[in-house]
Amino acid sequence: MTSAILLTILLVPRPAESVTLAWAPQKGDQSVWSVDIRAKAGDKDIQAQSSVVQIVTKCNKGTVVIKSTVQDALARTGADEGRLKRNEATTYTLDARGLTVAIEGPQKEVAWRLAPFNRFVWPSGPVAVGDKWAVDTNGDSVVGRAEYKLDSIDAGVAKVSFVAASLAGDKTTKGQGQWVIDTKAGRAVALHAEILGLVAGTATYEMKLVK
């Protein structure tokens, strides 16, 4: 009898584990990301590395404003190397799901083109492995879209794959990648993407949360 009961329990399907992927920032929160972009132009390797400091300057009624400053930028093309001498700041306004709704800064068009790739937008509620969601990221004559899928949940870490694209005039940017989300802290910690149209050929775009 005991064996039969145990077998029955083992055969009963378990409910799928679900997680909430939402980030709950506070005004004054600060983070530092490392960004590494690699591509190839002909026979030359292209690489751009930088640190990005992000500060939450406003957090009110579902609206989050982030000041994002690029620091210590280094660009390499073959044997040539150059540094960005000034810090460039871009301000992002996000809605309650992390969707970009406004961008201000000197590289605004590029920021909008990249928004479907480097701005994670979480689902409106809990999700289980295999669940999908999609968002449109449109602004300043740039039309973008990202489609997400929760791939796995393991030890407080969720991995979310995505395909994305943006169109700015005759400039098309498209690609795919994966976000790594710390579900306990409620925030993204890493990104790996392959993007076509950002530079010559396909670029490997990586971001990692440093602190």
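Miscellaneous remarks
- Of the listed requirements (1) surrounded by fewer than 17 Cβ atoms within 10 Å (Cβ to Cβ); (2) closer than 20 Å to residue 90 by Cβ, residue 121 misses just one: (1).
- Scanning the stretch 125-133 for residues that are within 15 Å of the chain's Cα centre (by Cα), outside any loop (DSSP other than H, G, I, E, B) and either buried (at least 22 other Cβ atoms within 10 Å of the Cβ) or on the phi < 0 side of the Ramachandran plot (or both) turns up at least one hit.
- Taking the stretch 159-179 as the range and being surrounded by 18 or more Cβ atoms within 10 Å (Cβ to Cβ) and under 18 Å from residue 22 (Cβ atoms) as the test, the residues that pass are 160, 162, 179.
- Among the residues listed as 95, 80, the single one being over 22 Å from residue 192 (Cα atoms), modelled with pLDDT of 95 or more and acidic (Asp, Glu): 95
- Residue satisfying condition, being at pLDDT 95 or above and either out of contact with any Leu (no Cβ under 8 Å at 6 or more places or on another chain) or surrounded by fewer than 17 Cβ atoms within 10 Å (Cβ to Cβ) (or both), within set 140, 136: 136
- Just one of (1) of a type in the set (A, V, I, L, M); (2) more than 19 Å from residue 36 (Cα to Cα); (3) in contact (Cβ under 8 Å) with a residue 24 or more places away in the chain fails for residue 203. It is (2).
- Identity of the residue in the stretch 181-198, surrounded by 17 or more Cβ atoms within 10 Å (Cβ to Cβ) and either among the β-branched types (Val, Ile, Thr) or farther than 21 Å from residue 53 by Cα (or both), that ends up modelled with the lowest pLDDT: 198
- Annotation note: Cβ proximity below 9 Å between a residue of the stretch 80-102 that is under 17 Å from residue 32 (Cβ atoms) and a residue that is modelled with pLDDT of 95 or more and part of a loop (DSSP other than H, G, I, E, B) (sequence gap 6+ or interchain) occurs for 92/119.
The values are calculated or read from the model by the stated rules, or taken from the named source; none is laboratory data. For clarity, every value in this text was computed on a predicted model and none was experimentally measured. Note: ideal-geometry Cβ built from the backbone for every residue, glycine included; neighbour counts use all protein chains shown.
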